[in-house]
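Derivation of every value follows stated rules applied to the coordinates shown; laboratory data play no part. Quick caveat, the model's predicted, so the values are computed rather than measured. Note: ideal-geometry Cβ built from the backbone for every residue, glycine included; neighbour counts use all protein chains shown.
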Amino acid sequence: ELQGITADLSSMPDQVPTLAALAPFARGVTRIENVGHLRIKESDRLRAMAVGLTRLGVPVEE
């Protein structure tokens with residue numbers, strides 16, 4: 001059983017999509033912190049992930 005966590009992924013930005021994809025299956029809240037720099041890449045990657053998860057019915061707070 002997966003448990004929600006708070007994760008500082010500032011030094012592991014490539015892991016953000018993986019954790020975001022697993023989070024809906026965890027019990028409790030999962031917080032991904034210190035990844036604001038993903039908004040200023042080629043595209044706003046955080047927004048793109050939030051939109052995709054929301055379309056799947058996952059509650060997301062940015």
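Selection of the range 34-57 for residues being closer than 23 Å to E1 by Cβ and either of a type in the set (D, E, K, R) or surrounded by 14 or more Cβ atoms within 10 Å (Cβ to Cβ) (or both) yields only L53.
Can you tell me which residue is farthest from E61 (Cα to Cα) among those in the range 1-50 that are charged (D, E, K, R), in contact (Cβ under 8 Å) with a residue 12 or more places away in the chain and outside any helix (DSSP H, G or I)? Applying the filter and picking the extreme gives E1. Considering only residues in the range 1-33 that are of a type in the set (V, I, T) and surrounded by 13 or more Cβ atoms within 10 Å (Cβ to Cβ), the one that is farthest from the chain's Cα centre (by Cα) turns out to be I5.
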